[in-house]
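Read the structure below first, then the notes.
We did not get these values from a lab; they are worked out from the coordinates using the rules stated. All of these numbers come straight from a predicted model, not from anything done at the bench. Every residue, glycine among them, receives a Cβ derived from its backbone with ideal geometry; neighbour counts consider all protein chains shown.
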Amino acid sequence: MSYPKEFAYGTMVRSDGSGRVASVLAFQSPANLPLRAVMWSGRRKAWIYAPAIVAMYLFDEEYMDRTARVDRSTAEETARSVLNTELPAEETLRQMCEEGERLGWSAGPARS
């Protein structure tokens, strides 16, 4: 079994109750394969491979109310207008996932 070509997308709001978007999520979660996920990290000001963090927001009942599923065009507009960044192309997202898996990352690269 292999990963689909397309990604699903979501937004995550801040924990302060403001309802403001803090991140855009791009993920692949096919049956019988581990979650692959990239997210915008506001702290790092970068897109990072972080399936452990994204899984928490997608599947943990404590955090699920802070996420919303959106289509690619909404994710692109949110990234641009709210986060001041561009959502990577799906090919770039795939490459980021492959690199993150190869390097054994679960919550982004080590901070220097």
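Got a sec? Which of Ala31, Ala55, Ala50, Ala46 is surrounded by 20 or more Cβ atoms within 10 Å (Cβ to Cβ) and hydrophobic (A, V, I, L, M, F, W, C)?
Testing whether each residue is surrounded by 20 or more Cβ atoms within 10 Å (Cβ to Cβ) and hydrophobic (A, V, I, L, M, F, W, C) leaves just Ala50.
So is Gly100 outside any helix (DSSP H, G or I) and small (Gly, Ala, Ser) or not?
Judged against the criteria, Gly100 is not a match.
Is there any pair linking a residue in region 85-97 that is closer than 13 Å to Pro4 by Cβ to one that is in a loop (DSSP other than H, G, I, E, B) and among the hydrophobic types (A, V, I, L, M, F, W, C), with Cβ under 6 Å and at least six apart or on different chains, and which?
What qualifies is Glu90/Phe7; Leu93/Phe7.
Answer yes if at least one residue in region 50-73 is part of a helix (DSSP H, G or I) and of a type in the set (Asp, Glu), and no otherwise.
Yes, some residue in region 50-73 is part of a helix (DSSP H, G or I) and of a type in the set (Asp, Glu).
Given Arg72, Arg66, Arg44, which one is in contact (Cβ under 8 Å) with a residue 60 or more places away in the chain and closer than 18 Å to Ser15 by Cα?
Residue meeting the stated conditions: Arg44.
Given the criteria closer than 22 Å to Arg111 by Cβ, surrounded by 15 or more Cβ atoms within 10 Å (Cβ to Cβ), touching a residue at least 12 places away in the same chain (Cβ under 8 Å) and in contact with a Leu (Cβ under 7 Å, 6 or more places away or on another chain), does Met39 qualify?
yes
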